[in-house]
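In what follows, a structure is listed as C-alpha cells, so that the remarks can point back to it.
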Amino acid sequence: MIEAQGRLKSGGYGDGIETGDVVFYETQILPTINARQRLALAGAKGRIARAAIIVDPDNPTNPRDVETLYLKMLQAMTTIYGPPSSQVEEGVFGPGFLADLQDGLLMRNAHGRLGDSILRLSIPRRLDGQARIEAMRVRAAPPVNTNPLGFGFEALS
C-alpha cells in the first residue's frame, strides 16, 4: 500500500487523506464523468485489499441524476475494460428510490474479471442511506445479484 501511495504522490496526486484503513484522493479519474470523484485505497498489513473510484451524483436525491450517472459510469468502465460478464438491474428509479435502494428493491451491479480480481460497479447500500456510485476492484465480491449493506466504502462520506 505504501508503494502505491508513493507512486500516486510522484504522479501528482498528493499525499491522500487517511481515514482509518482507507486513503483517498480527491481527483478526476474518469474524464467523461463531470461529478465529484475520489480514488480510495483500503489495505491491511501494507497491501491493498480493495481500490475504488467513488463518484457522488451532483443531486443524490434526484433519481434521474443517479440513474444517468450510473449509466455513464457503466459506459466509461465498458470502454476501458470491456463489457461486464454479469449484470443486475432490478427495480426502478422512482420518487422512493433511496428507500428502495436501502430495502434491496433497487439494485444496479455489474461484475467483470480483471486478472485475479473482480471489478464491481454498483450503487451500494449505505449505512447513511445516500446514493453514490462505486467502481471497486477487489479479490472477492458478493454475488452480483446481492447488494449487502456496508460492502462499499462506508468510511468516506
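The values are calculated or read from the model by the stated rules, or taken from the named source; none is laboratory data. These figures come from a predicted structure and were not determined experimentally. Cβ atoms come from the backbone with ideal geometry, glycine included; neighbour counts cover every protein chain shown. The accessibility values were calculated without ligands, DNA or RNA, using every heavy atom of the protein model including side chains. Shrake-Rupley method; radii C 1.70, N 1.55, O 1.52, S 1.80 Å.
General remarks:
- Of all the residues in the range 36-47, those that are surrounded by 15 or more Cβ atoms within 10 Å (Cβ to Cβ) and farther than 15 Å from Ile80 by Cβ number 5.
- Of the listed requirements (1) buried (at least 20 other Cβ atoms within 10 Å of the Cβ); (2) of a type in the set (A, V, I, L, M, F, W, C); (3) over 21 Å from Gln37 (Cα atoms); (4) touching a Gly at 6+ places or on another chain (Cβ under 9 Å), Phe93 misses just one: (4).
- Scanning the range 112-133 for residues that are open to solvent by less than 20 Å² (accessible area, probe 1.4 Å) and not in a loop (DSSP other than H, G, I, E, B) yields Gly112, Ser117, Arg120, Leu121, Ser122, Ile133.
- Residue among Pro84, Pro60 that alone is touching a strand residue (DSSP E or B) at 6+ places or on another chain (Cβ under 9 Å) and open to solvent by 30 Å² or more (accessible area, probe 1.4 Å): Pro84
- With respect to the conditions (1) modelled with pLDDT of 95 or more; (2) at positive phi, Lys45 lacks only one, and its number is (1).
- Against the test of being of a type in the set (Val, Ile, Thr), under 25 Å from Asn59 (Cα atoms) and open to solvent by 50 Å² or more (accessible area, probe 1.4 Å), the options Ile29, Ile33 yield a single qualifying residue, Ile29.
- Listed by first and then second residue, the pairs linking a residue in the range 71-89 that is farther than 13 Å from Ala135 by Cβ to a residue that is part of a loop (DSSP other than H, G, I, E, B), with Cβ atoms under 8 Å apart and 6 or more places separating them unless they lie on different chains, are Ser86/Val144; Gln87/Val144; Val88/Val144; Val88/Asn145.
So that you can scan it fast, the table gives a plain yes or no per residue for (1) touching a Lys or Arg at 6+ places or on another chain (Cβ under 7 Å); (2) part of a helix (DSSP H, G or I):
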position: Ile33; (1), (2): yes, no
position: Leu41; (1), (2): no, no
position: Ile53; (1), (2): no, no
position: Pro60; (1), (2): yes, no
position: Arg64; (1), (2): no, yes
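- Residue match in the range 138-157 (condition: among the charged types (D, E, K, R), surrounded by fewer than 20 Cβ atoms within 10 Å (Cβ to Cβ) and assigned to a strand (DSSP E or B)): no
- Qualifying positions in the range 22-45 - of a type in the set (A, V, I, L, M) and touching a strand residue (DSSP E or B) at 6+ places or on another chain (Cβ under 7 Å): Val22, Val23, Ile29, Leu30, Ile33, Ala35, Leu39, Ala40, Leu41, Ala42
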